[in-house]
1. Could you please give the count of residues in the stretch 73-86 that are surrounded by 14 or more Cβ atoms within 10 Å (Cβ to Cβ) and within 30 Å of residue 10 (Cβ to Cβ)?
2. State yes or no: is residue 10 part of a helix (DSSP H, G or I), modelled with pLDDT of 90 or more and under 29 Å from residue 118 (Cα atoms)?
3. Out of contact with any strand residue (DSSP E or B) (no Cβ under 6 Å at 6 or more places or on another chain), among the aromatic types (Phe, Trp, Tyr), within 30 Å of residue 131 (Cα to Cα) and in contact (Cβ under 8 Å) with a residue 12 or more places away in the chain: does that describe residue 51?
4. Looking only at residues in the stretch 59-72 that are touching a helix residue (DSSP H, G or I) at 6+ places or on another chain (Cβ under 9 Å) and open to solvent by less than 30 Å² (accessible area, probe 1.4 Å), which one is farthest from residue 131 (Cα to Cα)?
5. Can you find a residue that is in contact (Cβ under 8 Å) with a residue 40 or more places away in the chain and either aromatic (Phe, Trp, Tyr) or under 30 Å from residue 132 (Cα atoms) (or both) anywhere in the stretch 1-12?
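The values are calculated or read from the model by the stated rules, or taken from the named source; none is laboratory data. What you see is a predicted model; the values in this text were computed from it and never measured. Positions of Cβ are backbone-derived with ideal geometry, glycine not excepted, and every protein chain shown enters the neighbour counts. The protein model used for the area step is the full one, side chains on, heavy atoms only, and it has no ligands, DNA or RNA in it. Shrake-Rupley method; radii C 1.70, N 1.55, O 1.52, S 1.80 Å.
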Amino acid sequence: MTLDQMMAVFGALCLVTLLVVAWPVVMGLWPILVVALLHLLAVGWCFRRAWRSNWAREIYRLDEDAIVVEQLKVNQRLRTEWPVAWTWIRKERDRFGDLRCFLMSQGKQQEIGSFLPVSERERLAYMLDQRLRPRSAWSGGKPIQVS
């Protein structure tokens, strides 16, 4: 869910809540409005916490001799460099059948796109492989491995 979608859900929730509360407030039961506003404040705070706890971004930069991966999370920033000539993409299925993608090089690996939906993970692996393959030191380019 994107931030815009979550704000639309929260806006719809606020609208419905205030419409339900409108009639009792018109009838003079104004304390109900205070309770409804406190409820919306609590729900908004929960949405914010949920969004911030799950926020993630990865930035890929392909230089002449290295691919730089920056993984950004709420309170964490990790930057790794991989030699373009010896790096390849490996895809595998986990025990639930979900696709996982890894950058592999010289006995090391790093999972990429773990926060993305499966279709976008596949597209990411394909795009990176297309960019890495022409620069690969592997004979004919090491293919994407699926296990």
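1. Of the residues in the stretch 73-86, 1 are surrounded by 14 or more Cβ atoms within 10 Å (Cβ to Cβ) and within 30 Å of residue 10 (Cβ to Cβ).
2. Considered against the rule, which asks whether it is part of a helix (DSSP H, G or I), modelled with pLDDT of 90 or more and under 29 Å from residue 118 (Cα atoms), residue 10 comes out as yes.
3. Answer is no for this residue.
4. 66
5. Scanning the stretch 1-12, I find no residue that is in contact (Cβ under 8 Å) with a residue 40 or more places away in the chain and either aromatic (Phe, Trp, Tyr) or under 30 Å from residue 132 (Cα atoms) (or both), so the answer is no.
Each row is one residue, and each column tells you yes or no for (1) at pLDDT below 90; (2) over 15 Å from the mean Cα position of the chain (by Cα).
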| position | (1), (2) |
| --- | --- |
| 40 | no, yes |
| 48 | yes, yes |
| 52 | yes, no |
| 63 | yes, yes |
